[in-house]
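Presented below is the structure to which this report refers.
Only the coordinates and a few stated rules stand behind these numbers; no lab work does. Bear in mind that the values here come from a model prediction, so they are computed numbers and not experimental data. Note that each Cβ is placed from the backbone with ideal geometry, even for glycine, and that neighbours are counted across all protein chains shown.
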Amino acid sequence: MQKSYSRLLGIVGKPNVGKSTFFSAATLAPAEIASYPFTTIKPNRGVGYVRTPCVHEEFGVKDNPVNSLCLDGVRLIPVEFIDCAGLVPGAWQGRGLGNQFLDEIRKADALIHIVDVSGGTDAEGRICKIGEHDPLEDVKFLENEITMWMANILKKDWPKIARTAEAEAKDLLSMLEERLSGLAIKRHHIFEAIRKTGLNAEKPVSWSEEEFLKFVDTLRQIAKPMLIAANKIDMPNAEENLERLKKSNYIVVPCCAEAELALRRAAEKQLINYRPGDCNFQVLHPEKLTESQAKALETIREKILLKYGSTGVQDAVNMAFFKLLGMITVYPVEDLEHLADHNGRVLPDAYLVPYGTTARQLAYIIHTELGESFIYAVEAREKKRVGEDYILKDRDVISIISAKKRA
């Protein structure tokens, strides 16, 4: 299977809340998992999948996926994850593994914040009595740590940037984009943050300390969008805290990473039939299960799947890409009649692209030469010819006609 991912998803949170379990459940990549802080010293990287219905059934064809997988009508598109070291209060000042953690999320396009919704780990990530810690405090603390880290990076050069932008009439957005490029922050992120805060981009010297921090905090929310995976949902006190978390401004997904990891491993051993994100599973070989394994699987079925509809891990990943990042799925093909590539493979590739992507921009994503020699595209459902400015829709199947292809 060829790689197709172009977005990086950061798995973040304080120590000992289940980040590495979530990472392993989403990717089946090995990660050290233990009940003590700072288990993750070096970041774990792995590949998981975004789940979406495949279009092959709609078109009545049998597909031959190349850059992704298709299981029983479900297309699984690979995406990249990074499991970061745990964050503790004061990390932006270098406490704990703070500087290392924050450096790891520089390139992350979106964040999944793993929160112990049972309240069974304190602010430092140490195990405490269930219900003793308020998980809402974890959300506030992580927001503040990332905002202060970003402010610290920008503050070193801020006086010079502000003076230069004002005195020499230079573009503040361009200067900030250059300074923050290492954090995967783009010009449109900065523009939107200034617009939302209502600050005067022509008079940045006049910004107060409070206004500066407000700008950085708004920029964080735009450039590093985050959702909450309310983990350990099967524990006491979890449901009450989940309802409280849902009243925050974030997307909150009830989650049990341990259950997902158990199901993924059982499926890998062909003991059960289960796809990531399914609402149930089928036991394939009951005779191969020990009594304790069978009991554990039934507990997962009754207390997690039937109650919440899934373990939440795949839902969190999907929402990160489709809700936070506003991605859509498109299927480029060369042979429109057979929906195939030049090798005859039907619907070989599924691409995740941002909403608003045009036909020509897709051509560039596939290959620079295809973008440069773009003539027009054809949308498969209506067999309609579209121009370079055609805005792609979710689940579009599209053929790009280029000068090179015609020649």
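Once you have the Cα-Cα distance between L284 and A184, take 0.36 nm times their residue separation minus that, and quote the gain in nm to one decimal.
Full-extension gain reported as 31.5 nm.
Can you return the lysines within cross-link range of K383? Criterion is Cα-Cα under 26 Å, with same-chain partners fewer than 8 residues away left out.
Cα-Cα hits under 26 Å: K62, K393, K404, K405.
Considering the chain as a Gaussian network with a 10 Å cut-off on Cα pairs, which listed residue, R126, R45, R75, attains the greatest mean-square fluctuation?
Maximum fluctuation in the GNM of the chain, among the listed residues, is at R126.
Provide, for q = 0.14, 0.18, 0.26 Å⁻¹, the log10 of I(q)/I(0) from a solvent-free Debye sum over equal Cα point scatterers in the range 206-300.
Values returned for q = 0.14, 0.18, 0.26 Å⁻¹ are -0.70, -0.90, -1.24.
Mind sorting out which of (i) 106, 62, 45; (ii) 66, 49, 39; (iii) 68, 61, 34 is the real Cα extents along the principal axes in Å computed from the coordinates?
(iii)
Where a Cα-Cα gap under 19 Å defines reach, which lysines qualify for K196, not counting those fewer than 8 residues away within the same chain?
K186, K214, K224
Once the cut-off is 13 Å, how many percent of the Cα-Cα pairs in the range 154-217 end up in the long-distance tail? Before the final figure, lay out the partial values.
Values: 1219 of 2016 pairs.
Counting pairs separated by more than 13 Å, the tail of P(r) holds 60 percent.
Simple spin-label model, 7 Å along Cα-to-Cβ: N144 to I391 in nm?
Roughly 4.0 nm, to one decimal.
Extension gain K62-A167, at 0.36 nm per residue separation less the Cα-Cα distance, in nm?
Gain on extension, K62 to A167, equals 31.5 nm.
To the nearest 0.05, how large is the calculated FRET efficiency for K203 and D157 if R₀ is 22 Å and r is the Cβ-Cβ distance?
0.80
Quick check: net charge around T358, other residues with Cβ under 9 Å of its Cβ, Lys/Arg +1 and Asp/Glu -1?
After counting each charged neighbour, the total is -1.
Which order, highest average first, do 115-123, 182-190 follow once you tally other Cβ atoms within 10 Å for each residue and take the mean per peptide?
115-123, 182-190
When you count, for each residue, the other Cβ atoms within 10 Å and take the mean per peptide, how do 392-403, 198-209 rank with the highest first? Numbers along the way, then the final one.
Numbers: 392-403: 18.5, 198-209: 13.7.
With the highest mean Cβ count within 10 Å placed first, the list reads 392-403, 198-209.
Run the reach check for K246 against aspartates and glutamates, Cα to Cα strictly under 19 Å, same-chain hits fewer than 8 apart removed. What comes back?
Within the straight-line cut-off, K246 pairs with D116, D134, E137, D138, E143, D234, D315.
For the pair A294/E268, report the inter-label distance in nm, with labels modelled 7 Å from Cα in the Cβ direction.
Computed distance between label sites A294 and E268 equals 2.5 nm.
Please express the shape of the range 348-402 as an equivalent ellipsoid: the semi-axes are the square roots of 5 times the eigenvalues of the C-alpha gyration tensor, given largest first in whole angstrom.
Each semi-axis is √(5λ); the values are 15, 13, 10 Å.
Which of V61, V12 has the fewest other C-beta atoms within 10 Å, and how do the rest follow up to the most?
Ascending number of Cβ neighbours within 10 Å: V61, V12.
Given springs between every Cα pair under 10 Å in a Gaussian network model of the chain, which of T357, T329, T27 has the largest fluctuation?
With Cα springs under 10 Å in the chain, the top fluctuation among T357, T329, T27 is at T357.
Select from E258, E298, E58 the residue whose mean-square fluctuation is largest in a Gaussian network model of the chain (Cα-Cα springs shorter than 10 Å).
Comparing E258, E298, E58 in a Gaussian network model of the chain, the most mobile one is E58.
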